[in-house]
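These notes concern the structure reproduced below.
The values are calculated or read from the model by the stated rules, or taken from the named source; none is laboratory data. Source: prediction; values computed, not measured. Ideal geometry is used to build each Cβ from the backbone, glycine not excepted, and the neighbour counts take in all protein chains shown.
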């Protein structure tokens with residue numbers, strides 16, 4: 001069993017793997033409760049928009065802007081995290097921003113306010129991601145990176161199932177949509193507290209930090225840029241999962257926004273999507289390890305194109321919509337699992353040239369190489 005670190009309390013004698021320390025538990029808890037919070041809000045957002053008189057075009061504006069900003073904020077979080085030693089406070093701030101902005105949507109009535117708050121929530125979500133990934137890599141030994149990140153992803157997926165289920169129960173209970181959005185504050189604040197009070201980060205000696213910044217950064221391999229172009233091209237043709245709730249509500253009745261039973265079924269179908277993704281992620285990742293990751297990812301992209309065509313042609317039929325929702329869960333699992341794994345293979349040679357042995361962990365490329373030079 002590894003020795004207890006100075007910044008962590010003594011572990012109890014309960015049977016628990018040595019690598020599951022206070023920081024790992026805190027990060028997994030933060031991931032679960034944060035996903036619980038914002039997925040609970042995501043489940044009712046399109047229905048709330050319908051209730052206040054906005055259509056699918058408004059949902060497209062809100063989600064398109066938010067998805068664009070989350071991508072930019074991920075890059076920003078990585079750059080800031082690379083130059084700041086204390087990452088836990090900034091990660092906690094990201095969780096807090098997402099929590100407050102999601103809950104405040106329940107008080108907004110204009111399209112501009114809703115778009116601004118949704119974007120702010122997603123900026124906080126994107127910004128905290130690289131910081132959280134670094135903290136998790138720094139909390140365990142390289143031999144346990146895969147298990148640690150697998151546990152964190154499990155918390156994410158379970159939160160994405162629990163949130164919509166909670167929203168469904170609240171809708172069945174007759175709670176107004178804006179009140180459900182306000183209630184997302186509770187699990188969101190738990191997530192923020194878990195990140196701030198449970199997570200600990202090791203101090204980096206100033207000399208080591210200065211040395212790490214002086215080391216030259218190797219360029220990405222050419223194949224990686226082609227891969228990145230393919231990922232971007234597929235992303236342009238993809239759509240937000242919240243449209244599945246909208247389509248389900250429409251298929252269940254023209255006035256579904258005011259029918260609690262129909263709305264609840266629509267949210268349950270969204271929960272089915274997340275549950276399917278949770279169940280498919282590990283088998284798809286295992287298949288990618290045994291075969292070509294890029295090959296399996298291309299098949300996943302093909303399934304995504306077929307799903308979109310099915311939604312465009314038969315999205316108004318509830319039985320076909322259920323099939324499309326299940327297929328969407330599978331291809332999203334392939335996309336989220338194998339894009340990172342394929343990127344790891346492309347950057348393997350680069351990290352190896354840099355002298356890193358931590359590229360083998362299932363973490364983003366920047367985190368592997370940075371962790372190896374910062375001494376995680």
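Working only within region 36-57, note down all residues that are modelled with pLDDT under 85 and assigned to a helix (DSSP H, G or I).
43, 46, 47, 50, 51, 56, 57
Based on this model, can you work out whether residue 230 counts as surrounded by fewer than 17 Cβ atoms within 10 Å (Cβ to Cβ), modelled with pLDDT of 70 or more, part of a loop (DSSP other than H, G, I, E, B) and in contact with a helix residue (DSSP H, G or I) (Cβ under 9 Å, 6 or more places away or on another chain)?
no
Do we find that residue 276 is outside any loop (DSSP other than H, G, I, E, B) and either under 19 Å from the mean Cα position of the chain (by Cα) or modelled with pLDDT of 70 or more (or both) in this structure?
yes
Pairs please, first residue from region 218-238 and closer than 13 Å to residue 298 by Cβ, second anywhere and surrounded by 12 or more Cβ atoms within 10 Å (Cβ to Cβ) and modelled with pLDDT under 75, Cβ atoms under 8 Å, 6+ apart in sequence or on different chains.
Correct list of pairs: 227/342; 227/343; 227/346; 231/339.
Among the residues of region 318-336, is any assigned to a helix (DSSP H, G or I), out of contact with any helix residue (DSSP H, G or I) (no Cβ under 8 Å at 6 or more places or on another chain) and within 22 Å of residue 246 (Cα to Cα)?
yes
Could you tell me which of the residues 285, 295, 306 is modelled with pLDDT under 80, touching a helix residue (DSSP H, G or I) at 6+ places or on another chain (Cβ under 9 Å) and in a helix (DSSP H, G or I)?
The conditions single out 285.
Across region 156-182, what is the total count of residues that are under 28 Å from residue 279 (Cα atoms) and either touching a helix residue (DSSP H, G or I) at 6+ places or on another chain (Cβ under 7 Å) or at pLDDT 90 or above (or both)?
The total comes to 18.
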